[in-house]
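Readers should treat all values here as calculations from the given coordinates under stated rules, not as data from a laboratory. Everything quoted here is computed from the prediction, not taken from an experiment. Cβ placement follows ideal geometry from the backbone for every residue including glycine, while neighbour counts extend to all protein chains displayed.
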Amino acid sequence: MDEKIFVTKSSMPPYEEFIEAIKPLWDSHWITNMGEFHKRLEDELKKYLKLDNISLFVNGHMALEMVMKAMNFPEGGEVITTPFTFISTTHAIVRNGLEPVFCDIKLSDYTIDENKIEALITEKTVAIVPVHVYGNLCNVEAIEKIALKYNLKVIYDAAHAFGMEYDGKGVGTFGDASIFSFHATKVFNTIEGGAVAFRDKNLYENLLRLKNFGIENEEVVSLVGANAKLNEVSAIMGLCNLKHITTEIEKRKVCYEKYVEILKEIQGINIIEKLDYVKNNYGYFPILIDEKIYGKTRDDLYGFFRANNIYARKYFYPLTPDQLCFKNKYINSSIENARYVSDRILTLPLYADLKSQDIERICLYIKSFKG
Ligand SMILES: *Cc1c(COP(=O)(O)O)cnc(C)c1O
């Protein structure tokens, strides 16, 4: 049996480099609570992501939950979002006491269908929470227009979109805020970690407080916060990984292009074209399997891969409103495109060190399995 290939493999800096970088912590003994490296990582990320304002968090989920909290939405407010996402997006809305309203996605790029948003707006709508999916950015301009017209906040889940740019602008500059995930499985990691990028610089103080129990000063707690701080070891991991990010993304790009070159020949395996005005990060390689043409279903191919030691992922499946904790609670509009995509999507292994011959092996299985 051939070696196992997993869907991803976390990027890590050279061991010696990391050990050297964490040494100062043994002098200072300042290992969490917004220390020197927390500050330094915020500064470096502002430059790399082309942002004015950023606040680090313990993970992407808490970043989203806390920035929504910072916006002080009225209890029971409605939030228009996508069902085709990781469960975190929906959890963050519900855990803020808000009501998710699911809007269908586009078959062309799997992001929220901006033309279906307006029909879902009511007096109770307070925000739109769209998700940039894989390397596909939402229609940020159309969403901005709708938000202005109805006076809604826009918070992007940009967990997949680290370092991406739209027309030369950092992806985190769109909307009122965007969150990034620095989880071990993402393009850039701090082991666990995340950040909020935001437009109104006055949010910084509140975000700082919210991630630290709402503490304003030694004797005053002014907000009902949580503990969501990024520790110093993670911040250093981030600083080290950031030094290598350009090479990492370059290597991913090579893998990505190799997949495209082989798979574009196979009928029934659909790949979304990259757009010229988008700077990509090559985070994921999703394929959509059209069983009518390919002759086998996504689940068939997933099973065949597993039998051959290849661990692809049904990502995102099931849709978040279909999960046990949300089932039959929130769906009130048609989400048939999301269902179509979720039933047919499969993300293939992709990481910087994925070997060329492994990509060939994966593609050969796809070719030979065709019905
Ligand atoms: C990874 C991810 C998150 C959550 O990020 P964590 O850092 O793991 O908390 C949220 N949304 C999407 C779309 C993600 O892929």
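Please name all residue pairs, on different chains or six or more residues apart, with Cβ atoms under 8 Å, provided the first residue is in the stretch 40-62 and is closer than 19 Å to Met164 by Cβ and among the charged types (D, E, K, R) and the second residue is assigned to a helix (DSSP H, G or I) and away from the ligand (no atom under 16 Å from the Cβ).
Glu44/Leu239; Glu44/Leu242; Lys50/Thr173; Asp52/Lys46; Asp52/Thr173
Quick check: is even one residue across the stretch 206-214 closer than 30 Å to Trp30 by Cβ, touching a Lys or Arg at 6+ places or on another chain (Cβ under 9 Å), part of a helix (DSSP H, G or I) and of a type outside the set (A, V, I, L, M)?
yes
Pick out the one residue from Asp353, Asp343, Asp358 that is closer than 22 Å to Val7 by Cα and touching a strand residue (DSSP E or B) at 6+ places or on another chain (Cβ under 6 Å).
On the way: Asp353 fails: touching a strand residue (DSSP E or B) at 6+ places or on another chain (Cβ under 6 Å); Asp343 fails: touching a strand residue (DSSP E or B) at 6+ places or on another chain (Cβ under 6 Å).
Step by step, each of Asp353, Asp343, Asp358 is checked, and only Asp358 is closer than 22 Å to Val7 by Cα and touching a strand residue (DSSP E or B) at 6+ places or on another chain (Cβ under 6 Å).
Applying the selection to the stretch 58-96, what residues are within 11 Å of the ligand (Cβ to nearest atom) and assigned to a helix (DSSP H, G or I)?
Answer for the stretch 58-96, where residues must be within 11 Å of the ligand (Cβ to nearest atom) and assigned to a helix (DSSP H, G or I): Gly60, His61, Met62, Ala63, Leu64, Glu65, Ile87, Ser88, Thr89, Thr90, His91, Ala92.
Looking at the stretch 272-291, can you tell me whether even one residue there is assigned to a loop (DSSP other than H, G, I, E, B), out of contact with any helix residue (DSSP H, G or I) (no Cβ under 8 Å at 6 or more places or on another chain) and either hydrophobic (A, V, I, L, M, F, W, C) or within 13 Å of Cys363 (Cα to Cα) (or both)?
Yes - at least one qualifying residue is present in the stretch 272-291.
Can you tell me which residue among Thr185, Thr122 is surrounded by fewer than 20 Cβ atoms within 10 Å (Cβ to Cβ) and within 12 Å of the ligand (Cβ to nearest atom)? Please lay out each step first, then the result.
On the way: Thr122 fails: within 12 Å of the ligand (Cβ to nearest atom).
Only one candidate passes the filter, namely Thr185.
So is Asn115 of a type in the set (S, T, N, Q), surrounded by fewer than 22 Cβ atoms within 10 Å (Cβ to Cβ) and in contact with a Lys or Arg (Cβ under 9 Å, 6 or more places away or on another chain) or not?
Numbers: of a type in the set (S, T, N, Q): yes; surrounded by fewer than 22 Cβ atoms within 10 Å (Cβ to Cβ): yes; in contact with a Lys or Arg (Cβ under 9 Å, 6 or more places away or on another chain): yes.
Yes; evaluated as a whole, the condition is true for this residue.
List the pairs whose first member sits in the stretch 1-29 and is on the phi < 0 side of the Ramachandran plot, whose second member is assigned to a loop (DSSP other than H, G, I, E, B) and among the aromatic types (Phe, Trp, Tyr), and whose Cβ atoms are under 6 Å apart, counting only residues at least 6 apart or on separate chains?
Hits for this filter: Phe6/Tyr311; Val7/Tyr311; Thr8/Tyr351; Lys9/Tyr351.
Taking only the stretch 97-119 into account, find how many residues are over 23 Å from Lys314 (Cβ atoms) and within 16 Å of the ligand (Cβ to nearest atom). Break it down stepwise before answering.
Taking the stretch 97-119 and keeping what is over 23 Å from Lys314 (Cβ atoms), we get 97-99, 101, 114-119.
Applying the additional criterion that residues be within 16 Å of the ligand (Cβ to nearest atom) yields none.
Residues flagged as over 23 Å from Lys314 (Cβ atoms) and within 16 Å of the ligand (Cβ to nearest atom) within the stretch 97-119 amount to 0.
Which residue is farthest from Ser333 (Cα to Cα), if the candidates are limited to the stretch 125-165 and must be aliphatic (A, V, I, L, M) and surrounded by fewer than 17 Cβ atoms within 10 Å (Cβ to Cβ)? Explain how you work it out, then say what you get.
Residues of the stretch 125-165 that are aliphatic (A, V, I, L, M), as a first pass: 126-129, 131, 133, 137, 140, 142-143, 146-148, 152, 154-155, 158-159, 161, 164.
Within this subset, residues satisfying the condition of being surrounded by fewer than 17 Cβ atoms within 10 Å (Cβ to Cβ) are 142, 148.
Working: Ala142: 20, Leu148: 23 Å.
Only one residue fits best here, namely Leu148.
Pro318 - would you say it is surrounded by fewer than 18 Cβ atoms within 10 Å (Cβ to Cβ), within 19 Å of the chain's Cα centre (by Cα) and within 24 Å of Ile5 (Cα to Cα)?
Working: surrounded by fewer than 18 Cβ atoms within 10 Å (Cβ to Cβ): yes; within 19 Å of the chain's Cα centre (by Cα): yes; within 24 Å of Ile5 (Cα to Cα): yes.
In short, yes.
I'm checking my understanding of the structure. Among residues of the stretch 215-250 that are part of a helix (DSSP H, G or I), charged (D, E, K, R) and over 20 Å from the mean Cα position of the chain (by Cα), which one is surrounded by the most Cβ atoms within 10 Å (Cβ to Cβ)?
If we filter the stretch 215-250 for residues that are part of a helix (DSSP H, G or I), which is where we start, we get 232-243, 245-250.
With charged (D, E, K, R) added as a condition, the list becomes 232, 243, 248, 250.
Pick out the ones that are also over 20 Å from the mean Cα position of the chain (by Cα) and you get 232, 243.
Working: Glu232: 23, Lys243: 15.
Of everything passing the filter in the stretch 215-250, Glu232 is surrounded by the most Cβ atoms within 10 Å (Cβ to Cβ).
If Tyr48 satisfies every condition in (1) crowded, with 16+ Cβ neighbours inside 10 Å; (2) in a helix (DSSP H, G or I); (3) of a type outside the set (A, V, I, L, M) but one, which is the exception?
(1)
Report whether or not Thr173 is closer than 30 Å to Leu354 by Cα and either surrounded by fewer than 19 Cβ atoms within 10 Å (Cβ to Cβ) or more than 14 Å from the ligand (Cβ to nearest atom) (or both). Give the steps one after another, and end with the answer.
Details: closer than 30 Å to Leu354 by Cα: no; either surrounded by fewer than 19 Cβ atoms within 10 Å (Cβ to Cβ) or more than 14 Å from the ligand (Cβ to nearest atom) (or both): yes.
Answer is no for this residue.
Of the residues that make up the stretch 141-157, is at least one within 16 Å of the ligand (Cβ to nearest atom), under 16 Å from the mean Cα position of the chain (by Cα) and closer than 27 Å to Lys243 by Cβ?
Yes, because at least one residue in the stretch 141-157 is within 16 Å of the ligand (Cβ to nearest atom), under 16 Å from the mean Cα position of the chain (by Cα) and closer than 27 Å to Lys243 by Cβ.
Among (1) surrounded by fewer than 24 Cβ atoms within 10 Å (Cβ to Cβ); (2) within 14 Å of the ligand (Cβ to nearest atom); (3) under 20 Å from Gly238 (Cβ atoms), there is one condition Ala195 misses while meeting the rest; what is its number?
The one condition Ala195 does not meet is (1).
Out of Val131, Val101, Val126, report the one residue that is touching a Gly at 6+ places or on another chain (Cβ under 8 Å) and among the β-branched types (Val, Ile, Thr). Quick ask: steps written out before the conclusion?
Values: Val131 fails: touching a Gly at 6+ places or on another chain (Cβ under 8 Å); Val101 fails: touching a Gly at 6+ places or on another chain (Cβ under 8 Å).
None of the others qualify; the one that does is Val126.
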